[in-house]
């Protein structure tokens, strides 16, 4: 749950900084880079919403937590793929401090997403195993 709170906080902080003081976090300053980054807010908003829903479901111990953890993990993995490919193709990781910052963001996104997907899968497997218990069948 702490991981979800941190992810939500980082998502909000990143976009607040991007739209108010982007030079603090921009890895480069070309128009194409700004256009690329400006394509992410909607997808990141979906990721944030899925993280909030996962957090609420986990706090309530709802079976919906598996769905929302899967949704958040899958969204994060997709965003990782988009970001990683752009960064590799455009040499962003070699751009000094900005590139290092971007590498940390990409790495955290990957670890977060895989951890959340693994959690959802193992939780789902435990639920499936419990559901597979023999039922009282009257003939």
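Check off (1) in contact (Cβ under 8 Å) with a residue 60 or more places away in the chain; (2) within 19 Å of residue 110 (Cβ to Cβ) for residue 78 and give me the number that stays unchecked.
All conditions pass for residue 78, except number (1).
Looking at 26, 21, 74, which one is surrounded by 13 or more Cβ atoms within 10 Å (Cβ to Cβ) and either touching a helix residue (DSSP H, G or I) at 6+ places or on another chain (Cβ under 6 Å) or over 22 Å from residue 118 (Cβ atoms) (or both)?
Just one listed residue meets the conditions, 26.
Please go through (1) within 20 Å of residue 103 (Cα to Cα); (2) buried (at least 16 other Cβ atoms within 10 Å of the Cβ) for residue 55 and return the number of the only condition it doesn't satisfy.
(1)
So if I check each of 93, 84, which one is at pLDDT 95 or above, touching a helix residue (DSSP H, G or I) at 6+ places or on another chain (Cβ under 7 Å) and at negative phi? Reasoning before the result, please.
Working: 93 fails: at pLDDT 95 or above.
Step by step, each of 93, 84 is checked, and only 84 is at pLDDT 95 or above, touching a helix residue (DSSP H, G or I) at 6+ places or on another chain (Cβ under 7 Å) and at negative phi.
If you scan the range 109-124, which residues turn out to be buried (at least 16 other Cβ atoms within 10 Å of the Cβ) and at pLDDT 90 or above?
First, pick out the residues of the range 109-124 that are buried (at least 16 other Cβ atoms within 10 Å of the Cβ): 109-110, 112-113, 116-117, 119-120, 123-124.
Scanning the range 109-124 gives 109, 110, 112, 113, 116, 117, 119, 120.
Before we move on, is residue 49 closer than 19 Å to residue 122 by Cβ and either buried (at least 17 other Cβ atoms within 10 Å of the Cβ) or modelled with pLDDT of 95 or more (or both)? Can you show your working first?
Details: closer than 19 Å to residue 122 by Cβ: no; either buried (at least 17 other Cβ atoms within 10 Å of the Cβ) or modelled with pLDDT of 95 or more (or both): yes.
The answer is no for residue 49.
Can you name the residue in the range 84-108 that is without any contact (Cβ under 8 Å) to a residue 40 or more places away in the chain and closer than 30 Å to residue 65 by Cβ and, of all such residues, is surrounded by the most Cβ atoms within 10 Å (Cβ to Cβ)? Walk me through how you get there before you give the answer.
Here is the first cut: in the range 84-108, the ones without any contact (Cβ under 8 Å) to a residue 40 or more places away in the chain are 84-85, 88-89, 91, 93-94, 96-97, 100, 103-104, 106-107.
Still in the running and closer than 30 Å to residue 65 by Cβ: 84, 104, 106-107.
Numbers: 84: 18, 104: 10, 106: 21, 107: 12.
Among residues in the range 84-108 that are without any contact (Cβ under 8 Å) to a residue 40 or more places away in the chain and closer than 30 Å to residue 65 by Cβ, the one surrounded by the most Cβ atoms within 10 Å (Cβ to Cβ) is 106.
Confirm whether residue 112 is closer than 15 Å to residue 14 by Cβ, under 17 Å from the mean Cα position of the chain (by Cα) and in a helix (DSSP H, G or I).
yes
The values are calculated or read from the model by the stated rules, or taken from the named source; none is laboratory data. Note that the structure is a prediction, hence the values are computed from the model and not measured. Backbone-built Cβ (ideal geometry, glycine too); neighbour counts: all protein chains shown.
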